[in-house]
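Asker: The structure follows.
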Amino acid sequence: MNPLPAALLPDTAEVDGTGRLRIGGCDVIELAATHGTPLFVYDEAHLRNRCRETVAAFGDGVAYATKAFLCAAMARLAAEEGMHLDVATGGELHVALAAGVPPQRLVLHGNNKSLAELGAALDAGVGRIVVDSFDEMDRIDRLVAAGRPAPEVLIRVTPGVEAHTHEYLQTGVADSKFGFGLAAGAAEAAVRRAADSGTMHLMGLHAHIGSQVFTVDSFRFAIEVLAPFVVRHGLPELSIGGGLGVAYVTGESAPTIIEWADVVRTACRDAGIAARVTAEPGRAIVAAAAVTLYTVGTIKELPTRTYVAVDGGMSDNPRPVLYGSGYEAFLPRAVEAARPRRVRIVGKHCESGDVIVANAAVPDDIAVGDVLATPVTGAYGHSMGSNYNMVLRPAVVFVADGNARLVVRRETLGDLTARDIG
Ligand code: LLP
């Protein structure tokens, strides 16, 4: 009855003789005992497999979108696997550089890059800047006039395509804060200005249509819309951005990175695009690599429903609250157990909206003290987390070959007051 689909678990997940979950050769309940909960457990082999597939499918220059999940260990892993890194702020740039990623492998994004962020990127010598506005071009002009080296840039174009995804996750539509609109002529003006400029080397174009996109047709369509513009300008590079969706719950399925790359490259070829085509996926690399472990602390049986409260919540996974995103839940002590019971899994924050799984299927014998896991929580959980209610941010462990390495330590009470100076 409704057991957890194995496809939602990381690549190396296995069930031991007693029904317990192992990832990367590590018993996850032991990980919870050693490192505490909530805990993000990432399967290192899964992360490496997705990076390798991406590099194999797109070739050199393909980037990992660090906004999905970033810490020094992740930055290093992606670079080791041959990926470039998309950084969208000075903060992400700093973490990637601090992790030792060669600056030529960094692609700086952002719709409102400050003079300081652009200056830091030019000083570091980042590989590409994806230019998003005329104001940004003014700032690059100023920095280069003051002695910084002229960067290699892509122009971000907004193709005016509606991706089938949550409204907040759409970025390629004409009414967008991102990029230069194709239809309105802004993209044309931006390319002219960059091409004629002595302060930028124009290498190509960039378009990102949205995130959690399941239908590869959306990418095909965007490429068809962009093609005349791309072909006319004949620039050497085209990045199609990120956005490939992943399955979060029973019954969903998403194209693989390889299938996605195939559609993108075929569409580009069919449209006569000769540019080197690249991409920058985030979610598809990291989402299914991780599970979050919680401890069940309180169970309330109401006439309406049962509330199962865990020791994290919207501070480690704000996606259900922000987007109404669905997740599965299971007990790592009985991975393959039937899940006949329906409960609402909630966090420990002081608001009713703090829901992790609104209508979760769980085993009948779920009890206080159980370690409970939510799969496919590797993307946009840790990175969008907070310490709302001064709940301590979780630790992150990478598991591989029977070893668990703590890569981000749990926040401490001392951290909560570390910035208070008054
Ligand atoms: N490139 C650009 C320019 C982007 O804006 C994004 C995501 C990506 C690449 C990576 O997209 P991905 O492959 O991860 O879909 N917080 C939301 C997702 C926001 C995505 C923003 N941009 C969520 O939790 O679903």
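The values are calculated or read from the model by the stated rules, or taken from the named source; none is laboratory data. This structure is a prediction, so every number in the text was calculated from the model and none was measured. Because the Cβ atoms are built from the backbone with ideal geometry, glycine has one as well, and the counts that use them run over all protein chains shown. The protein model used for the area step is the full one, side chains on, heavy atoms only, and it has no ligands, DNA or RNA in it. Shrake-Rupley method; radii C 1.70, N 1.55, O 1.52, S 1.80 Å.
Asker: For the stretch 44-63, check the following and say yes or no: at least one residue is part of a loop (DSSP other than H, G, I, E, B) and over 23 Å from residue 84 (Cβ atoms).
Answerer: There is no residue in the stretch 44-63 that is part of a loop (DSSP other than H, G, I, E, B) and over 23 Å from residue 84 (Cβ atoms).
Asker: Using beta carbons and a limit of 9 Å, which pairs, at least six apart or on different chains, have the first residue in the stretch 94-116 and at positive phi and the second one of a type outside the set (Val, Ile, Thr) and open to solvent by 60 Å² or more (accessible area, probe 1.4 Å)?
Answerer: If the second residue must be of a type outside the set (Val, Ile, Thr) and open to solvent by 60 Å² or more (accessible area, probe 1.4 Å), the pairs left are 100/76.
Asker: For residue 351, state whether it is away from the ligand (no atom under 16 Å from the Cβ) and touching a Leu at 6+ places or on another chain (Cβ under 8 Å).
Answerer: So residue 351 does not fit the description; no.
Asker: If the Cβ limit is 6 Å and pairs must be 6+ apart or interchain, which residue in the stretch 235-250 that is touching a residue at least 24 places away in the same chain (Cβ under 8 Å) and surrounded by fewer than 21 Cβ atoms within 10 Å (Cβ to Cβ) pairs with which residue that is among the polar types (S, T, N, Q) and assigned to a loop (DSSP other than H, G, I, E, B)?
Answerer: 247/253
Asker: Of all residues being polar (S, T, N, Q) and in a loop (DSSP other than H, G, I, E, B) in the stretch 212-234, which is nearest to residue 357 (Cα to Cα)? Just the residue, please.
Answerer: Residue satisfying both the conditions and the ranking: 212.
Asker: Mind checking which pairs have a first residue in the stretch 123-144 that is within 22 Å of residue 85 (Cβ to Cβ) and in the same structural domain as residue 206 (by TED's automatic domain parsing) and a second that is assigned to a strand (DSSP E or B) and more than 14 Å from the ligand (Cβ to nearest atom), Cβ under 6 Å, 6 or more apart or different chains?
Answerer: Matching pairs, first to second residue: 128/152; 129/153; 131/153.
Asker: Moving on. Being of a type in the set (Val, Ile, Thr) and away from the ligand (no atom under 16 Å from the Cβ) is the filter here, so list the residues in the stretch 285-322 that pass it.
Answerer: Answer for the stretch 285-322, where residues must be of a type in the set (Val, Ile, Thr) and away from the ligand (no atom under 16 Å from the Cβ): 291, 295, 296, 298, 299, 304, 306, 308, 310.
Asker: On the given criteria, is residue 339 charged (D, E, K, R), open to solvent by 10 Å² or more (accessible area, probe 1.4 Å), away from the ligand (no atom under 16 Å from the Cβ) and not in a strand (DSSP E or B)?
Answerer: no
Asker: Same structure again: If you take the residues of the stretch 236-283 that are of a type in the set (Ser, Thr, Tyr) and away from the ligand (no atom under 16 Å from the Cβ), which of them is farthest from residue 204 (Cα to Cα)?
Answerer: 250
Asker: Another question, if that's okay. With respect to residue 345, is the statement that it is among the aliphatic types (A, V, I, L, M), in a loop (DSSP other than H, G, I, E, B) and at pLDDT 95 or above true?
Answerer: no
Asker: Looking for something within 23 Å of residue 67 (Cβ to Cβ), open to solvent by less than 50 Å² (accessible area, probe 1.4 Å) and modelled with pLDDT under 95 - is there at least one such residue anywhere in the stretch 199-208?
Answerer: yes
Asker: What are the residues in the stretch 278-322 that are of a type in the set (A, V, I, L, M), open to solvent by less than 20 Å² (accessible area, probe 1.4 Å) and within 30 Å of residue 263 (Cβ to Cβ), if any?
Answerer: Matches in the stretch 278-322: 279, 284, 285, 286, 287, 289, 290, 291.
Asker: Restricting attention to the stretch 45-73, which residues are more than 15 Å from the ligand (Cβ to nearest atom) and crowded, with 24+ Cβ neighbours inside 10 Å?
Answerer: Matches in the stretch 45-73: 46 only.
Asker: I've got another one for you. Check off (1) within 16 Å of the ligand (Cβ to nearest atom); (2) farther than 20 Å from residue 285 by Cα for residue 325 and give me the number that stays unchecked.
Answerer: In the conditions (1) within 16 Å of the ligand (Cβ to nearest atom); (2) farther than 20 Å from residue 285 by Cα, residue 325 misses (2) alone.
Asker: Considering the stretch 211-234 alone, what residues qualify as being open to solvent by less than 60 Å² (accessible area, probe 1.4 Å), of a type in the set (Phe, Trp, Tyr) and either farther than 22 Å from residue 195 by Cα or not assigned by TED's automatic domain parsing to the domain that holds residue 54 (or both)?
Answerer: Scanning the stretch 211-234 gives a single hit, 219.
Asker: Now a separate question. Does the stretch 407-422 hold any residues that are open to solvent by less than 90 Å² (accessible area, probe 1.4 Å) and either in a helix (DSSP H, G or I) or touching a residue at least 12 places away in the same chain (Cβ under 8 Å) (or both), and which are they?
Answerer: 407, 408, 410, 411, 412, 414, 415, 416, 417
Asker: Give the stretch 235-255 a look and list any residue that's within 22 Å of residue 191 (Cα to Cα) and β-branched (Val, Ile, Thr), or say none.
Answerer: 240
Asker: Here is a follow-up. Here is a list of conditions, (1) surrounded by fewer than 18 Cβ atoms within 10 Å (Cβ to Cβ); (2) within 15 Å of the ligand (Cβ to nearest atom); (3) not hydroxyl-bearing (Ser, Thr, Tyr), and residue 76 meets all of them except one; can you say which number that is?
Answerer: In the conditions (1) surrounded by fewer than 18 Cβ atoms within 10 Å (Cβ to Cβ); (2) within 15 Å of the ligand (Cβ to nearest atom); (3) not hydroxyl-bearing (Ser, Thr, Tyr), residue 76 misses (2) alone.
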